[in-house]
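Derivation of every value follows stated rules applied to the coordinates shown; laboratory data play no part. Note that this is a predicted model, so its numbers are computed, not measured. Note: ideal-geometry Cβ built from the backbone for every residue, glycine included; neighbour counts use all protein chains shown.
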There are 2 protein chains.
Amino acid sequence: MTDSQAKAGSGKRERLVEAAVRVFYQQGVEKTTIADIARAADVPVGNVYYYFKTKDQLIEAAIGSHARILDAVIAASDRHETPSGRLKALIAGWVADREQTVRYGCPFGTLSSELDKRGDGLDTAAAEVMRVLVDWAERQFAAMGRADAKELAIAYVAAYQGISLLTNTFRDPGLMVAEGARLSRWIDSLVS
Amino acid sequence: MTDSQAKAGSGKRERLVEAAVRVFYQQGVEKTTIADIARAADVPVGNVYYYFKTKDQLIEAAIGSHARILDAVIAASDRHETPSGRLKALIAGWVADREQTVRYGCPFGTLSSELDKRGDGLDTAAAEVMRVLVDWAERQFAAMGRADAKELAIAYVAAYQGISLLTNTFRDPGLMVAEGARLSRWIDSLVS
DNA sequence: GTCTATACCACGATAGAC
DNA sequence: GTCTATCGTGGTATAGAC
């Protein structure tokens, strides 16, 4: 994109993607209309179609945004020297975000779950993002010397997804706190 | 309901509820239309409204159906003498159902997750059903002499919900098999 | 109780003026 | 590149004949 185009857009594209991520998360993909996203981004409804020809393209952009957020979270965990410290750092982040989990669940898990029932090919793109998290966790468990790193990585991510669903269902942030502590103890117990 | 009314209905109400449970599970609540359910139940579209005045009432009936299924699953576990045997029996059932989990996720978890973003009050009804499962699990862990039965019950259900989401996202039944085995070993390790 | 026809509305998407 | 007006589709729900 040239400078002039970037200036002309005034960051509308970015605003639309941010709004899409937020509104999809809060209302669900299926319930969200293009008008909802336009309003949240403060962009006239008809103008959305200049940037995204279909709702599916907006969903795709939202998945890409989640991928970048995950990359940043994983990169930030690098300041911890040990793999167990990095695994626990992500857990601490999840616990810190518990109030929004109470309201809407896991930002990516709920999206992934919904896309699976949508029929278009977007579920594959969502799976690739989830794969990045699982593979990262597997590398951490492997660095801890665990031969069953693959299985542990799945259990780690599943525990987070599951407790997010229950935290949301029961509207109880305490569930995330208790399970986060339990998972951290579990990781400590695996250190050889 | 009198006999004559039951006869006149020819079980249409029951067929509609069964169809609703199935189609909501496979397509998601939001994507499913009244016409979809009518077709699946082999009932004329307009006739649905004689039994259920709104889509919400159909959802409510579907939640009730899930509650009855859960009651039956829990009752069936009673043939196992030990609490750990009962907890493992449910896990075995989840593993046995892995192929449908690969396609559509956990029948009740996906519903609960979706209802939470719907705005109406149905999420509360879903939470009550989930509560039945958690409370049952808590009683089993308590019978095993665990003081932290409440926390373990949450972890148990969360593990199932989480692995269901990942099994569905990655379309890999093997994930459910491996995690089921891991959870069973975990429960054995808790037996005093 | 059963079913058809249809009212009514909301949504995704487009056409075209500016 | 921006925005309005609108088209077409498909959904919930109802009216009313049978």
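Quick look at the values:
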item	result
When each of A:K150/B:K31; A:K12/A:K88; A:K12/B:K31 is checked by Cα-Cα distance, pairs over 32 Å	A:K150/B:K31; A:K12/A:K88
Alpha-carbon Rg with Dmax, taken over the protein assembly as shown, Å	22.3, 77
Chain B: angle of helix B:83-96 to the longest principal axis, Cα-based, in degrees nearest 10	50
Magnitude of the charge dipole, the stretch A:47-192, Cβ model with Lys/Arg +1 and Asp/Glu -1, debye to 20	240
Label point distance in nm, B:F170-A:T54, each placed 7 Å from Cα along Cα→Cβ	2.9
Leading residue at positive end of dipole, the stretch A:69-115 (Cβ point charges), from A:S112, A:L70, A:L90	A:L90
At 7 Å out from Cα toward Cβ: B:G64 inter-copy label distances (nm, ascending)	4.8
Global geometry of chain A, whether rounded, prolate or oblate, following the gyration tensor of its Cα atoms and the 1.5 cut on a/c	prolate
Rounded to 10°, Cα long-axis angle of helix A:55-76 versus longest principal axis of chain A	40
Principal-axis tilt of helix A:149-170 within chain A, Cα atoms, nearest 10 degrees	60
Shape category assigned to the stretch A:85-179 from the gyration tensor of Cα positions, a/c cut at 1.5	oblate
